[in-house]
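The values are calculated or read from the model by the stated rules, or taken from the named source; none is laboratory data. Note that the structure is predicted; figures quoted are calculated from it, not measured. All Cβ positions, even for glycine, are placed from backbone atoms using ideal geometry, and neighbour counts span all protein chains on display.
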Amino acid sequence: MSDVLPEAEAPEWPMPRAAGCPFDPPPALRALTDDKPLARVRIWDGSTPWIVTGHAAQRTLLGDPRVSVDERLPGFPHWHEGMAAAVEYRPRSVFNSDAPEHTRYRRIMTGPFTLKRVEALRPTIQKITDDLIDRMLAGPKPADLVEALALPLPTLMISELLGVPYEDHDFFQENAARGIAHNVSAEESMRTFGALNGYLVQLVEKKAAEPADDALSDIAARVNAGDITVAEAAMMGLGLLIAGHETSANMIGLATAALLEHPEQLALLRDTDDPKVVAGAVEELLRYLGIIHGGQRRIAKEDIEIAGETIRAGEGIIIELFSANRDADVFPEPDVMDLRRANARHHNAFGFGIHQCVGQQLARVELQIVYCTLFRRVPTLALAVERDEIQFKHDRLAYGVYTLPVTW
Amino acid sequence: MKVTVEQDKCVAAGQCVATAPDVFDQRDEDGVVVLLTEEPAADLADDVRYAAAVCPALAIHIED
């Protein structure tokens, strides 16, 4: 016997966060899934996929090969009209293929992101961070922390790693930002995807002809070897470029806003010289801050029994990662930011299953360096506006702050 | 404790190496897991269990 609401009464998703609680999940979603880890919601196209909020249920489904990311299957719960409209134009990639096809693509992308390779980047990341902070401190007060540090740091890093010219950053940042808005028309989606894709295709062809010492050249070499097409290589490059700057940038801006509200937690991060404490603090910030809050999209390929419900073959599934990070069954007092939380690393901020974030180790090292360096070098850092004047990215698939005016 | 890994399932997230670097490593070319020791010392057991729990591909198996 199911106590799930009839489909006709499924509430609309996405839902707004509560006014004054920019760091917590939408209250209506919490009410909907208060006593069960999944429920039905209604999305932009009128369909009623399942939304999954429980930590255990998410891990079960994300690890289940019957749960697919194949966005071309009928009934797939696309993020918005634009994503649905461009589906035939997106080549196969790690984002829309299942194992074993996914494994083949993923292993072409993972080489630059091993722990060893990322650890070797620490001096470079530290220097970029110091240079950006020098420039901010030499400039006028107040400064926008997003423009001064949060956005340029990960963008510079991923550009250098991939071999994408940093001087093109305005172009790809703007198009990427439009592409991940909640509401994108078919026309705009085709335009931004077309522009970015064309740019990457050109770059891949250039790297195939004149290889350099960067990750995009390694990917282009696989085109020359006949392993993948230019379109597939461009999609890999585009995925890494967008995911590589947008998410970390939001983590830097949003964490700074949150830590300035919790001075005792900020002090812990600022005053420690223990790398384990810093690493643990970053895991807690990844857990506490819901950067990926639109819900990862999946579709059931077969009937799946979970938590007393049956997800039927062909039904959409929305895995709302942020809610799992606030699951009290796993994280006691889940709404408290506790940088010493012992099991913070169990968060789902990078997802779970075979699609878990490729660049997560790079993100971790960037965040470990930037938080420590910022609060140590600028101990008097403070908001230059009232908290309720901060503009949060409620309308984006990746949550964060649009700007963060700070002074010191 | 006896540890086994499934390289075919591994997605090179790097979680095991970050958690238990004395037991797990990654292949240079694609980050796929390399097991350094099948029978880790007792003082590493907790880290290895944590590594298995956070492995997103469920590719680490432990027999006690």
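Assorted remarks:
- Filter result for A:Ala255 (in a helix (DSSP H, G or I), in contact with a Phe, Trp or Tyr (Cβ under 8 Å, 6 or more places away or on another chain), at pLDDT 95 or above and crowded, with 24+ Cβ neighbours inside 10 Å): yes
- The set of residues in region B:34-64 being in contact with a Lys or Arg (Cβ under 8 Å, 6 or more places away or on another chain) and within 14 Å of chain A (Cβ to nearest Cβ) consists of B:Val34, B:Tyr50, B:Val54, B:Ala57, B:Leu58, B:Ala59.
- Among the candidates A:Arg270, A:Arg287, the residue that is among the charged types (D, E, K, R), outside any strand (DSSP E or B) and either out of contact with any His (no Cβ under 8 Å at 6 or more places or on another chain) or exposed (fewer than 15 other Cβ atoms within 10 Å of the Cβ) (or both) is uniquely A:Arg270.
- Qualifying residue in region A:69-84 (condition: among the aliphatic types (A, V, I, L, M) and either under 23 Å from B:Leu58 (Cβ atoms) or free of Cβ contacts under 8 Å to residues at least 60 places away in the same chain (or both)): yes
- Being assigned to a loop (DSSP other than H, G, I, E, B), within 14 Å of chain A (Cβ to nearest Cβ) and more than 28 Å from A:Val94 (Cβ to Cβ) is a property that B:Asp22 has.
- When restricted to residues that are outside any loop (DSSP other than H, G, I, E, B) and either at pLDDT below 95 or over 21 Å from A:Leu362 (Cβ atoms) (or both), region B:31-50 contains 10.
- Only one of the listed residues (A:Asp388, A:Asp329) is in contact with a Gly (Cβ under 9 Å, 6 or more places away or on another chain) and modelled with pLDDT under 95. That residue is A:Asp388.
- Scanning region A:24-38 for residues being in contact with a helix residue (DSSP H, G or I) (Cβ under 6 Å, 6 or more places away or on another chain) and over 14 Å from A:Ala324 (Cβ atoms) gives a total of 0.
- Looking at region A:307-408, the strands (runs of 3 or more DSSP E) lying wholly inside it that each contain 1 or more residues that are within 14 Å of another protein chain (Cβ to nearest Cβ) sit at A:316-319.
- Meets criteria (modelled with pLDDT under 95 and in contact with a His (Cβ under 9 Å, 6 or more places away or on another chain)) for B:Val54: yes
- Selection status of A:Arg59, under 24 Å from A:Glu302 (Cα atoms), of a type in the set (Lys, Arg), within 14 Å of chain B (Cβ to nearest Cβ) and touching a Phe, Trp or Tyr at 6+ places or on another chain (Cβ under 8 Å): yes
- Residues being surrounded by fewer than 23 Cβ atoms within 10 Å (Cβ to Cβ), touching an Asp or Glu at 6+ places or on another chain (Cβ under 9 Å) and closer than 21 Å to A:Ser97 by Cβ - total across region A:37-66: 2
- Test: residue in region A:42-54 that is free of Cβ contacts under 8 Å to residues at least 24 places away in the same chain and of a type in the set (Asp, Glu): no
- Here B:Asp8 meets each of (1) more than 8 Å from every other protein chain (Cβ to nearest Cβ); (2) assigned to a loop (DSSP other than H, G, I, E, B) with one exception, condition (1).
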